[in-house]
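The values are calculated or read from the model by the stated rules, or taken from the named source; none is laboratory data. Every value quoted in this text rests on a predicted model; they were computed, and no experiment measured them. Cβ coordinates were reconstructed from backbone atoms using ideal geometry, including for glycine residues, and neighbour counts include every protein chain displayed. To get the accessible areas, we keep the full protein, side chains included, count just its heavy atoms, and leave off ligands, DNA and RNA. Shrake-Rupley method; radii C 1.70, N 1.55, O 1.52, S 1.80 Å.
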Amino acid sequence: MPVPSSYNDITEDGRIRDFIGWAWYDTEFFLSSDWTNKRVVLRIDSAQYNAIVWVNSKQVMTHQGGHIPFQADINQYLTVPSDGPNRLTVAVNNTLTPYTIPPGTIDWPGKDSPIPYPPNYFTQTLQMDSFNYAGIDRHVSLYTTPKSYIDDITVTTNIVDTTGIVNYRVVTVGDIPQGDITVRILNRTGAIVGQGGGSSGTIKIPNANLWWTVNTNNLHQPGYLYTLEVHTGEDVDADVYRLPFGIRTVKVVGRKLLLNNEEFYFKGVGIHNEAEIRGRGLDYAMIVKDFNLMRWVGANSFRTAVFPFSEEWMDQADQQGFLVVDEVPAVGLNSLDNLSNQTLQNHMNAMSELIQRDKNRPSVFLWSVANEPRTDRPESLPYFQTIINFTRSLDPNRLVSFMCNHDFNSDKCVHLVDLIFINRYVGWYSQTGLLDLIQPQLKYDLDQWAETFNKPLVISKYGAGTMPEIHRVPSTVFSEEYQIDFLSRYHRTFDSARGNLTGEFVWCLTDFNTYQSIKRVNGNKKGIFTRERQPKMSAFNLRHRYLTFNNTDYCTKNPYT
Ligand code: GCB
């Protein structure tokens with residue numbers, strides 16, 4: 001199997017596509033003699049979902065949960081360079097249980113059944129829409145550091161008048177005296193604009209270039225990044241790390257979200273990051289293509305629905321200037337059985353690993369702890385109180401929420417969040433085909449949410465399944481015309497509720513693969529682009545809306561400003 005890639009769609013064998021269980025990868029590598037006196041680290045950027053890793057037949061690490069990197073120092077397991085190849089073996093298991101993030105169940109329908117099934121026949125039932133892609137879908141790499149090294153850096157920023165305030169904290173391992181740590185801040189052209197020393201401190205940058213989003217306000221340059229360069233000394237054994245970061249603030253004030261003290265409206269897209277053949281496998285060309293689609297359509301933000309995207313993907317968000325709702329794979333927590341202590345433990349691990357990975361990204365302004373969880377029961381409250389408080393305690397500098405599909409009067413947890421995100425489908429899953437009901441019912445819904453909670457309100461999902469090249473006038477569900485009729489009624493309602501709304505995320509950027517179901521025609525077709533990244537008619541409508549939608553006009557018309 002190629003790495004990186006999901007393994008499911010690589011062959012013509014249905015048993016491989018639908019395989020559930022342990023899959024084995026192995027390969028050989030030689031060590032460079034230059035590496036003998038260094039710390040050698042093996043890093044796996046993502047393996048779905050559980051992994052066990054051996055080097056030269058000795059177990060070096062295990063990891064539970066996909067979409068997130070894990071690593072280990074492997075010096076003690078390596079053979080000396082002249083002693084021939086080292087063997088790397090990775091076993092990955094994609095089985096989902098009621099306790100995994102995301103959850104699922106394994107069933108044996110043939111057990112005690114009079115109806116015949118093949119021997120040991122079992123099924124994996126999913127509680128999410130997505131196809132359960134598996135394998136080693138991101139890079140596996142070896143890298144070195146000196147024996148004493150920089151283990152972690154945390155940067156937070158603030159703005160006072162025109163001065164950027166940069167707080168940093170460096171964690172080192174080994175023999176590195178505090179006094180040997182030097183920190184420099186470089187601007188985009190490489191000029192030094194600030195300096196500091198020691199393992200923590202504050203550096204001020206006068207007349208700072210702030211980090212702004214693309215497609216928002218032509219007066220601002222999007223995606224401005226500085227580099228924080230940390231050295232652990234002068235000599236050849238010293239470690240150095242260069243961390244890109246942006247200077248920006250994100251705050252909630254009443255019902256508004258402020259980016260660098262300016263009111264912000266999400267012209268967003270929900271993305272389910274995958275494609276043909278490679279599944280969820282990392283693919284640089286696809287990343288660039290998807291960012292080009294987002295820029296073309298005029299978006300300024302996106303949501304990583306429903307799992308963390310690759311670091312290469314997130315680097316583009318930082319560089320190009322997109323605000324990101326960064327989400328753990330907690331999709332399908334839709335029964336109280338999924339809110340056990342065991343699940344909570346896995347959920348907390350997933351949250352802390354994501355925060356550890358993305359905590360320095362200017363693009364990430366909010367952690368989404370779940371998509372459409374069971375939050376409409378009083379019993380759910382302790383679980384969500386715990387996961388939300390835990391997330392805030394790990395990163396007090398970002399906002400926290402979950403994507404809610406309940407009603408304003410039935411949800412029991414939404415008061416815990418900083419921004420309210422609601423997934424809405426009137427005209428699709430409810431009131432199917434009844435376009436005339438969208439505006440009155442959605443407007444009523446938005447008004448109720450706004451009156452009940454004095455917090456920013458965002459539509460995190462709205463969309464209609466659409467088969468490209470099916471045309472109907474008057475429109476019917478699944479036709480391209482219906483998608484346009486549906487989206488434009490939502491847009492009119494959003495505009496009529498603007499004072500109550502902080503943004504919109506259309507579902508979704510591109511069509512994607514799902515498990516087989518009579519509700520899906522060869523996958524989920526709510527994309528405004530096909531899975532091959534070609535536009536449906538609605539893409540032109542959204543592009544027109546987003547490109548002519550001016551935040552400044554919005555602010556002047558907004559009764560709440
Ligand atoms: C949702 C789910 C998402 C589905 C989507 C849909 O809101 O969160 O996983 O793919 O609906 O299209 O039904």
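Let's see how each residue does on (1) of a type in the set (S, T, Y); (2) surrounded by 21 or more Cβ atoms within 10 Å (Cβ to Cβ); (3) part of a loop (DSSP other than H, G, I, E, B); (4) more than 16 Å from the ligand (Cβ to nearest atom):
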{"position": "P362", "(1), (2), (3), (4)": "no, yes, yes, yes"}
{"position": "P373", "(1), (2), (3), (4)": "no, yes, yes, no"}
{"position": "E379", "(1), (2), (3), (4)": "no, no, no, yes"}
{"position": "Y383", "(1), (2), (3), (4)": "yes, yes, no, yes"}
{"position": "I387", "(1), (2), (3), (4)": "no, yes, no, yes"}
{"position": "F408", "(1), (2), (3), (4)": "no, no, yes, yes"}
{"position": "F421", "(1), (2), (3), (4)": "no, yes, no, no"}
{"position": "K443", "(1), (2), (3), (4)": "no, no, no, yes"}
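Are any of the residues in the stretch 125-136 more than 16 Å from the ligand (Cβ to nearest atom) and closer than 30 Å to S32 by Cβ? Yes, the conditions are met somewhere in the stretch 125-136. Within the stretch 454-475, being open to solvent by less than 60 Å² (accessible area, probe 1.4 Å) and either in contact with a Phe, Trp or Tyr (Cβ under 8 Å, 6 or more places away or on another chain) or hydroxyl-bearing (S, T, Y) (or both) holds for L457, V458, I459, S460, K461, Y462, G463, A464, G465, T466, M467, S475. The residues of the stretch 1-38 that are open to solvent by 80 Å² or more (accessible area, probe 1.4 Å), farther than 15 Å from A51 by Cβ and under 27 Å from the mean Cα position of the chain (by Cα) amount to a single one, R17. Considering each residue of the stretch 23-74, count those that are among the hydrophobic types (A, V, I, L, M, F, W, C) and assigned to a loop (DSSP other than H, G, I, E, B), and give that number. Final tally of qualifying residues: 5. Looking across L366, L344, L354, one residue alone is buried (at least 21 other Cβ atoms within 10 Å of the Cβ) and assigned to a helix (DSSP H, G or I). It is L354.
Could you tell me which residue of the stretch 508-544 is farthest from I271 (Cα to Cα), considering only residues that are of a type outside the set (V, I, T) and assigned to a strand (DSSP E or B)? The extreme case among them is P535. Of all residues in the stretch 460-515, which are within 16 Å of the ligand (Cβ to nearest atom) and of a type in the set (K, R)? Answer for the stretch 460-515, where residues must be within 16 Å of the ligand (Cβ to nearest atom) and of a type in the set (K, R): just K461. Here E504 clears all of (1) outside any loop (DSSP other than H, G, I, E, B); (2) touching a Leu at 6+ places or on another chain (Cβ under 8 Å) except the condition numbered (2).
Out of T232, T213, T227, one residue alone is modelled with pLDDT of 95 or more and over 16 Å from Q319 (Cα atoms). It is T232.
Condition test on L509, is it in contact with a strand residue (DSSP E or B) (Cβ under 9 Å, 6 or more places away or on another chain), farther than 17 Å from Q534 by Cβ and touching a residue at least 40 places away in the same chain (Cβ under 8 Å)?
Taking the combined requirement at face value, the residue does not satisfy it.
K412 satisfies every condition listed in (1) open to solvent by less than 40 Å² (accessible area, probe 1.4 Å); (2) touching a helix residue (DSSP H, G or I) at 6+ places or on another chain (Cβ under 9 Å); (3) without any contact (Cβ under 8 Å) to a residue 40 or more places away in the chain except (1). All conditions but one from (1) touching a Lys or Arg at 6+ places or on another chain (Cβ under 8 Å); (2) surrounded by fewer than 18 Cβ atoms within 10 Å (Cβ to Cβ); (3) within 28 Å of D418 (Cα to Cα) apply to F478; the one that does not is (3). Residue count for the stretch 516-543 under the criterion of being polar (S, T, N, Q), within 11 Å of the ligand (Cβ to nearest atom) and touching a residue at least 60 places away in the same chain (Cβ under 8 Å): the result is 1. Among the residues of the stretch 288-319, those that are open to solvent by less than 10 Å² (accessible area, probe 1.4 Å) and out of contact with any strand residue (DSSP E or B) (no Cβ under 9 Å at 6 or more places or on another chain) comprise F291, S310. Look at N215 and say whether it is open to solvent by 60 Å² or more (accessible area, probe 1.4 Å), of a type outside the set (D, E), touching a strand residue (DSSP E or B) at 6+ places or on another chain (Cβ under 8 Å) and at positive phi. So N215 does not fit the description; no.
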